[in-house]
Amino acid sequence: MSNQHDDLEPLDGGEPPDEEQTRMNERVEQLEARLDAAESEGGDLPPDRDILDRLLVGGTVKSKASIGDKRELEQAPLELRKAAQILLVGALLPFYVGLSFATAGAAADFRWIGDQNFPWGIFLGAKAMALLGGYIFHEGYKATHGGEEKGPIAGLAKAHAMAPMIMAGLIWIFAIWFATTGSIDARQGNNLEVKPWTSFVLIVELMTMILAMTTTSHIYGYEHGGKFNPIFPLAFLGPAVAGVVQFLAIGQVNSGGHAGIGYLALLGSGVCAAGGIMAMIIMYKAMKEAKAEGERKAVLVREKRKADREAKRAAREAAKAEQ
């Protein structure tokens, strides 16, 4: 089956006729002129670039790391992993639910219904389940990306690559549901509707933990041949902003008689903010470096192509002179 570029290729079974060779040389020279003009103006290369590459140097295939092959991490993923570990430490503390509990009494029309003690049982139980899900998730990554073959999670991954991730997801869903069962009811003003105020803030803490743990696993996968997804560092914007905003409530920590848990929450907020801000700085630096590297490579590619074209042009002119 013929294609639109058949006239650019030599005929099988011998040298192309003079007319065919002349037409091919003219086509190559036209493409070279267009490339030279585009590169001298600093603009994008024309779409015929790929045709010229096939004519002059042939196609190339960029090698890709195989799954399980450990690569040396660049600075950005290394620092992002540290940021994720810092975020996890902060998320283990009651950075949101603790501050919400300590400052609830700041409202003049707020009153508790029933027990006023911090729900440590629900808090620790939900966090423990989130950690268990993170452990299974990471062990699954070690089996599917790092080639680990020992342990029950590795055996589960052999049955199906997604099985550990699905199990971790189910545990996380159960942890989120469990967090909703420990709400401390309160009323505010004349509102007679019971307010389960701890559910949402504890779920936010669990989601922050999940972000930190999945980011660590994702970088492990990237280190062992996977692809890097920039959505992970972008997601750290939430903890970075929220952690800083939490400090606006520092003046209300002593309002409800639970200052201890309030200051512990501020400590966790500061750690979460540090991890989030660190990830934002990493992403900004990586974007600048990627842009500079891309521009540098573009210049090198243009110079190489131009040199190759000049060399081949000189070779053709020398061949014409010998005829």
Restricting the range 287-323 to residues that are under 30 Å from residue 90 (Cα atoms) and modelled with pLDDT of 80 or more, the one surrounded by the fewest Cβ atoms within 10 Å (Cβ to Cβ) turns out to be 288
Any chance residue 161 is outside any helix (DSSP H, G or I), within 28 Å of residue 236 (Cα to Cα) and at pLDDT 80 or above: yes
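Let me confirm something: among 257, 268, which residue is outside any helix (DSSP H, G or I) and either under 30 Å from residue 118 (Cα atoms) or assigned by TED's automatic domain parsing to the domain that holds residue 102 (or both)?
257
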Go through the range 206-255 and give me each residue that's out of contact with any helix residue (DSSP H, G or I) (no Cβ under 9 Å at 6 or more places or on another chain) and under 20 Å from residue 290 (Cβ atoms). 231
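Among 125, 133, 147, 121, which is the only one that is at positive phi and either touching a Phe, Trp or Tyr at 6+ places or on another chain (Cβ under 8 Å) or assigned by TED's automatic domain parsing to the domain that holds residue 187 (or both)?
147
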Quickly run through the range 236-259 and pick out the residues that are buried (at least 18 other Cβ atoms within 10 Å of the Cβ) and hydrophobic (A, V, I, L, M, F, W, C). 236, 240, 249, 253
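The values are calculated or read from the model by the stated rules, or taken from the named source; none is laboratory data. Remember, it's a predicted structure, so these values are computed and weren't measured experimentally. In this analysis, Cβ positions are derived from the backbone assuming ideal geometry, glycine residues included, and neighbour counts consider all displayed protein chains.
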